[in-house]
Amino acid sequence: MLKNHANVFFILISLLLLMSIMASLLLGTVNISVIELFKVLLSPATSNHLTNSAPVVNSIYDTVIWQIRLPRLLSACLVGAGLAISGAILQNITRNPLADPYLFGLMAGAGLGATIVSIVLPAHFISIAVGAFIGSLLAVVMVFAVCIGSNWRKPELSLLAGVAVSFMLSAMTSFILYFAEPFAANRVIFWLLGSLSPTDWFSVKLLAPIFVLVLLLALALRRQLDALLLSDESAQTLGVNTVKLRLVLIIATALLTAAIVSQSGGIAFVGLMVPHIARYLFGVTATKLLIASALIGALFMIWVDNLARIALPQQEIPLGVVTSFIGSIFFLFLMRNQAK
């Protein structure tokens with residue numbers, strides 16, 4: 001019934017996303033009115049910011065909007081949308097409703113790679129991003145080695161392999177942090193809990209092209225993804241190379257997850273929870289699922305970040321704490337409804 005109103009839901013979610021973006025630009029310790037916000041966004045300095053030229057107006061509002069709130073807001077959208085489509089892709093290619101970057105080991109691998117780089121090398125986002133990607137690939141290789149062949153047909157096996165890899169790589173991360181210099185270890189531990197406070201325009205420039213690339217790749221392979229939902233045999237009958245398809249899409253999600261972890265740390269449950277909501281509202285076909293997951297994921301992460309920023313005075317709550325709390329309640333509620 002709900003899927004018959006997919007176009008209405010798309011319009012409503014798009015409007016909610018637009019209103020959330022405007023509301024988030026107004027939230028913060030510096031009070032900015034709606035009129036002042038539009039003055040900053042529509043001022044001649046806007047074109048200078050977009051072209052990296054020197055700003056014409058250098059007001060406090062201009063600095064707060066363009067240098068702090070807007071890059072953080074866009075980063076939140078890209079992180080939420082990226083984790084959501086990664087979860088949707090992993091759930092479709094494994095036919096496992098519990099698959100996501102966190103339970104599949106990708107986030108633990110990215111965290112391990114980024115931790116090694118942070119402890120051994122001077123902190124630099126490029127280095128962390130590369131280390132996170134190598135760590136994610138390590139997780140992919142380990143899970144793929146266990147599940148290659150007929151084991152992909154057993155959803156519980158791929159899930160358990162991902163959980164085992166995730167615990168193993170998390171244990172290695174904890175071991176490194178235990179022997180690391182205390183100040184560096186504390187910095188990495190806080191980062192692993194998830195935060196968008198370090199993000200800036202560099203984060204947007206890094207995440208945006210990777211997110212668009214992975215989304216376009218998944219949309220280009222939408223027919224193969226839909227065929228894979230039936231069974232491996234049905235997909236192969238339709239000419240789909242299931243092993244190659246899974247390998248390409250897992251590497252793509254590993255790249256996207258690694259980029260996200262390098263900029264925002266570990267944020268759990270988004271890739272698991274959002275695709276379930278999108279599937280409930282829009283159905284299981286890949287095109288609608290991917291676009292809806294991206295919109296809902298961006299909307300969800302915007303308000304998670306707002307809550308993390310304003311819930312406590314003078315300090316931020318780690319994003320991973322907020323998403324884990326909301327995600328666990330969501331799944332307990334989901335399991336309770338399914339048990340009826």
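The values are calculated or read from the model by the stated rules, or taken from the named source; none is laboratory data. Since we're looking at a predicted model, the values are computed, not measured. All Cβ positions, glycine included, derive from the backbone under ideal geometry; neighbour counts span all protein chains shown. Side chains included, ligands, DNA and RNA excluded: accessible areas come from the protein's heavy atoms. Shrake-Rupley method; radii C 1.70, N 1.55, O 1.52, S 1.80 Å.
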Residue that is nearest to residue 77 (Cα to Cα), among those in the stretch 280-305 that are in a helix (DSSP H, G or I) and among the β-branched types (Val, Ile, Thr): 302
Every pair of residues 6+ apart whose Cβ atoms lie under 9 Å, when the first sits in the stretch 65-87 and is in contact (Cβ under 8 Å) with a residue 60 or more places away in the chain and more than 15 Å from residue 194 (Cβ to Cβ) while the second is open to solvent by 10 Å² or more (accessible area, probe 1.4 Å) and among the charged types (D, E, K, R): 67/200; 71/200
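Yes/no per residue for (1) open to solvent by 70 Å² or more (accessible area, probe 1.4 Å); (2) basic (Lys, Arg); (3) out of contact with any Phe, Trp or Tyr (no Cβ under 7 Å at 6 or more places or on another chain); (4) at pLDDT 85 or above:
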{"position": "295", "(1), (2), (3), (4)": "no, no, yes, yes"}
{"position": "300", "(1), (2), (3), (4)": "no, no, yes, yes"}
{"position": "304", "(1), (2), (3), (4)": "no, no, yes, yes"}
{"position": "307", "(1), (2), (3), (4)": "yes, no, yes, yes"}
{"position": "317", "(1), (2), (3), (4)": "no, no, yes, yes"}
{"position": "320", "(1), (2), (3), (4)": "no, no, yes, yes"}
{"position": "323", "(1), (2), (3), (4)": "no, no, no, yes"}
{"position": "333", "(1), (2), (3), (4)": "yes, no, yes, no"}
{"position": "338", "(1), (2), (3), (4)": "yes, no, yes, no"}
Out of 180, 220, 208, 139, sole residue that is farther than 24 Å from residue 268 by Cα and surrounded by 15 or more Cβ atoms within 10 Å (Cβ to Cβ): 180
Residue within the stretch 226-249 that is within 25 Å of residue 71 (Cα to Cα), at pLDDT below 85, in a helix (DSSP H, G or I) and out of contact with any His (no Cβ under 9 Å at 6 or more places or on another chain) present: no
Number of positions in the stretch 225-253 that are under 19 Å from residue 288 (Cα atoms) and of a type in the set (Asp, Glu): 1
Pairs where the first residue, in the stretch 306-335, is assigned to a loop (DSSP other than H, G, I, E, B) and the second is surrounded by 17 or more Cβ atoms within 10 Å (Cβ to Cβ) and among the charged types (D, E, K, R), C-beta under 8 Å, 6+ apart: 316/309
Subset of the stretch 237-266 (residues that are charged (D, E, K, R) and touching a residue at least 24 places away in the same chain (Cβ under 8 Å)): 246
Residue under evaluation residue 196, criteria (1) buried (at least 19 other Cβ atoms within 10 Å of the Cβ); (2) not in a loop (DSSP other than H, G, I, E, B), criterion not met: (2)
Only listed residue being in contact with a Lys or Arg (Cβ under 8 Å, 6 or more places away or on another chain) and at pLDDT below 85, chosen from 158, 136, 118: 118
Any hit, the stretch 238-256, residues being buried (at least 19 other Cβ atoms within 10 Å of the Cβ), within 22 Å of residue 103 (Cα to Cα) and among the charged types (D, E, K, R): yes
Qualifying residue in the stretch 196-204 (condition: small (Gly, Ala, Ser), within 24 Å of residue 97 (Cα to Cα) and touching a residue at least 12 places away in the same chain (Cβ under 8 Å)): no
Count - residues of the stretch 211-238 that are β-branched (Val, Ile, Thr) and more than 17 Å from residue 250 (Cβ to Cβ): 2
Residue in the stretch 169-181 that is farther than 23 Å from residue 140 by Cα, out of contact with any helix residue (DSSP H, G or I) (no Cβ under 6 Å at 6 or more places or on another chain) and either of a type in the set (Val, Ile, Thr) or assigned to a loop (DSSP other than H, G, I, E, B) (or both) present: yes
Helices (runs of 4 or more DSSP H) completely within the stretch 1-106 that count 1 or more residues being open to solvent by less than 50 Å² (accessible area, probe 1.4 Å), modelled with pLDDT of 90 or more and in contact with a Phe, Trp or Tyr (Cβ under 8 Å, 6 or more places away or on another chain): 6-26, 70-94
